[in-house]
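> This is the structure I have questions about; it appears just below.
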Amino acid sequence: MMPANPRAAAIVAVAFAALLYLVELADVIIPAELDHGGIVARTLSGLDGIVWAPLLHAGWGHLLSNTVPVLVFGFLAMASGFAQWAMVTATIWIVGGLGVWLLGPSDAFTVGASGLAFGWLAFLLVRGIFNRSAGQLIVAAVLLLLWGGMLWGLLPGNPGISWQGHLFGALAGVLAAWLVARADRARGRKQAGGPPSPGNLGA
């Protein structure tokens, strides 16, 4: 339910958030219009924005609004270790970005870490269902109570907010939870079907 090494998980979450602030600071100081490196849907030149978009923000206000969700959900998503967190994050990053590239607006640069935040939140909400874990379901219920209002961001509304990024980030988070649960079950079956321990060998 919680990271086995909370200190290390907190360092990773804070380091990632700090990276976002350093990128935004560079965008202000240079200035290099880094936001133009975001996703531009259905254009070949905008395809590489999938790599850069979560690191870019449309100003300090945009970044500040994403900071707490990134810290909280990024930290909690490390409950099963850094390796799984990296896989989950990569799935959300790439699959969510591809969804935006396919169905997002073609007249704007889509940037921001909110897609990652929604992906981590969705992962945390549904992993207990796939894993049949009561403890994870309790965590999901608490998160839903505290952060359920974020889910309205999955629907079209404010034209300045990429609901596509939120939606596809969340769908990618569900996919990541399913993949993790499937891998865990396969690992469990493999261990159950392994050779018997020496203490159980026949005469």
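> Could you tell me which of Ala113, Ser162, Leu146 has its Cα farthest along the dipole of the chain towards the positive end, charges placed at Cβ (Lys, Arg +1; Asp, Glu -1), taken about the Cα centre?
Result: Leu146.
> Mean 1/r over all different Cα pairs, inverted: what Kirkwood radius does the stretch 1-49 give, in Å?
Working: mean 1/r = 0.0756 Å⁻¹.
Computed over the stretch 1-49, the radius equals 13.2 Å.
> State the answer as a single residue: which of Leu179, Ala90, Ala192 lies farthest towards the positive end of the charge dipole of the chain, with beta carbon charges of +1 for Lys and Arg and -1 for Asp and Glu, about the Cα centre.
Ala192
> Can I ask one more? Using a 1.4 Å probe over the heavy atoms of the protein chains, calculate the carbon and sulfur portion of the accessible area of the stretch 11-75 as a whole percent.
Working: 2530 of 3240 Å².
It is 78 percent, rounded to a whole number.
> Can you tell me the 0 to 90 degree angle between the C-alpha axis of helix 82-103 and the longest principal axis of the chain, rounded to 10?
40
> Nearest 10 degrees is fine. How inclined is helix 60-76 to the longest principal axis of the chain, computing both from alpha carbons?
0
> Between the stretch 152-168 and the stretch 1-26, what's the alpha-carbon centroid distance in Å?
25
> Students often check this: by mean Cβ neighbours within 10 Å, which of 114-121, 32-39 ranks highest, and how do the rest follow? Don't skip to the end; give the middle numbers.
Working: 114-121: 28.6, 32-39: 19.0.
So the order, starting with the most tightly packed, is 114-121, 32-39.
> Accessible area per residue for the chain in Å², computed with a 1.4 Å probe and the full protein assembly in place, what is it?
Working: 10910 Å² over 203 residues.
That works out to 54 Å² per residue.
> Dipole of the chain, Cα-centred, from +1 at each Lys and Arg C-beta and -1 at each Asp and Glu C-beta, to the nearest 20 debye?
On the way: 9 positive and 7 negative charges, 234 e Å.
Its charge dipole is roughly 1120 debye.
> If I compute solvent accessible area with a 1.4 Å probe over the protein chains, what percent of it on the stretch 92-164 is carbon and sulfur?
On the way: 2730 of 3710 Å².
C and S atoms contribute 74 percent here.
> Calculate how steeply helix 6-29 sits against the longest principal axis of the alpha-carbon atoms of the chain, using the helix alpha-carbon long axis, and give the answer as 0 to 90 degrees to the nearest 10.
20
> Report D for the chain in µm² per second (integer): Stokes-Einstein, Kirkwood Rh on Cα pairs, 37 °C, 0.692 mPa s.
Values: Rh = 17.9 Å.
D, rounded to a whole number, is 183 µm²/s.
The values are calculated or read from the model by the stated rules, or taken from the named source; none is laboratory data. A quick note: this is a predicted structure, and the numbers were derived from the prediction, not measured. Heads up, the Cβs are rebuilt from the backbone with ideal geometry, glycines too, and the neighbour counts pull from every protein chain shown. When the accessible area is computed, the model is the full protein with side chains, heavy atoms only, and any ligands, DNA or RNA have been set aside. Shrake-Rupley method; radii C 1.70, N 1.55, O 1.52, S 1.80 Å.
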